[in-house]
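Structure record follows, encoded as structure tokens.
Each reported figure results from applying straightforward, stated rules to the coordinates on display, with no laboratory input. The structure presented is a predicted model; accordingly, all values stated were derived computationally and were not measured. Cβ sites come from the backbone with ideal geometry, for glycine too, and all protein chains shown count toward neighbours.
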Amino acid sequence: MTFPSVSIIIPTRSRPEALKTCLRQIVPYVNQHPECTIIVSDDGEASKTRAELGDEFPNVEVIAGPRRGPAANRNWGAANSNGQLLIFFDDDCKPDINAIAEYQRAASSDPECGVFEGRTTAEGKASSFGDSAPSNETGGYLWSCNFAIRRELFTGIGGFDERYPFAAMEDVDLRFRIEGKSLIRFLSEAGVSHAFERRVDRKFLKHHTLSLLLYLHLHGLSATGRGPAYFARAVTHLTVSGVKRMIRGHAAKDPQYQLMTIGAVTQVLFIVLLWKWHPYLAMKFFPPCCTACQSIHACMGNGLGTAGSKGTLVS
């Protein structure tokens, strides 16, 4: 069986220790397979990252990222690679040792399929309402921390939409644009583990909510299936699950964050109900706190995508 050439793209931003843990899982395989290369695109200080990796990873190429957010950083890594198959891992993930081989085997045995999503396992246990980790045990999510896509398809759809400046919804948007253009095959054997992270600040919640509103703005309520009923159910679910966790005492720290989340989703529900005025309401409920927020508001305000281009890939 002939394997396709592979470029492994890892976006990062000045997190050398997490990056090293990720690389130690995949470098032994890459070193034995000359058709595989690793591109690390660093949105922080690329020169410091190169120095940190040192002699342990001499064959890992570290490039300076564009500093326009994770979506643009992934696109930049892909644009500076040449593999037929692009594999995306996040720097804070721990890939299975055989993950790359599984992607190569699947791409060789199923030439009609353009996208392969790997299994993502949440590592550890949540103890707070603010603890979260991506999980994809049976498929259907295409999280950006673990998937493979053929270069031709990736460039054909413009890569990740760079109008998403935060690490939120850019992978959901990518999957939305892939649907109807290619099959997406789930590979349980191509796994990564991802530790829980705790985020309980209001700014983090605002950034995620604005990213969601941008997704709805770009694709529409009916196309995404996220109309008023969807968000009404979400408010109910968050309320009921929060009460259950408080009663059971499981993962019930930081209850104020759960209340903030319920409040944010309720505001989104109100915006969706009055969708004709969503740019105005989004500005009122979620005013900008940074230039990235401003770019999302500008995009929703004029519909022209002033938060950057939809993709800047070169083939």
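Summary table below
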{"quantity": "The chain, relative contact order in percent, only Cα pairs under 8 angstrom and at least six apart counted", "calculated": "20 percent"}
{"quantity": "Degrees, to the nearest 10: 70-79 long Cα axis against longest axis of the chain", "calculated": "20 degrees"}
{"quantity": "The chain: angle of helix 228-248 to the longest principal axis, Cα-based, in degrees nearest 10", "calculated": "90 degrees"}
{"quantity": "Backbone N within the stretch 221-246 under 17 Å of label point (7 Å from GLU179 Cα along the Cβ vector)", "calculated": "221-231"}
{"quantity": "Restraint check, LYS203/LYS284; LYS94/LYS244; LYS20/LYS48; LYS20/LYS253; LYS203/LYS253; LYS20/LYS125, Cα-Cα greater than 25 Å", "calculated": "LYS94/LYS244; LYS20/LYS253"}
{"quantity": "Charged-residue dipole, Cβ positions (Lys, Arg, Asp, Glu), the stretch 1-74 about Cα centre, Debye nearest 20", "calculated": "300 debye"}
{"quantity": "Ordering of 156-169, 30-43 by burial proxy (mean other Cβ atoms within 10 Å per residue, highest first)", "calculated": "156-169, 30-43"}
{"quantity": "Average Cα contact separation per residue, the stretch 127-269, under 8 Å, 6 or more apart, as relative contact order %", "calculated": "38 percent"}
{"quantity": "Low-density loop positions, GluC sites (Glu not before Pro), the stretch 72-142 - DSSP coil, at most 10 other Cβ in 10 Å", "calculated": "GLU112"}
{"quantity": "Nearest-0.05 FRET efficiency for ARG198 and ASN59, computed from C-beta distance (R0 22 Å)", "calculated": "0.05"}
{"quantity": "Dipole-positive endmost among PHE231, ALA64, ILE39 within the chain (Cβ charges, Cα centre)", "calculated": "PHE231"}
{"quantity": "Mean Cα-pair separation over length for the stretch 202-302, i.e. relative contact order, pairs under 8 Å, 6 or more apart, %", "calculated": "38 percent"}
{"quantity": "Using alpha-carbon coordinates, inclination of helix 16-31 to the longest axis of the chain, degrees", "calculated": "40 degrees"}
{"quantity": "Label-reachable residues, the stretch 184-210, where backbone N falls under 17 Å from a point 7 Å from CYS113's Cα toward its Cβ", "calculated": "184-192"}
{"quantity": "Net lengthening on full extension, ARG24/PHE270 (0.36 nm per residue, minus Cα-Cα)", "calculated": "83.9 nm"}
{"quantity": "Fraction of alpha-carbon pairs over 24 Å apart in the stretch 6-198 - percent", "calculated": "33 percent"}
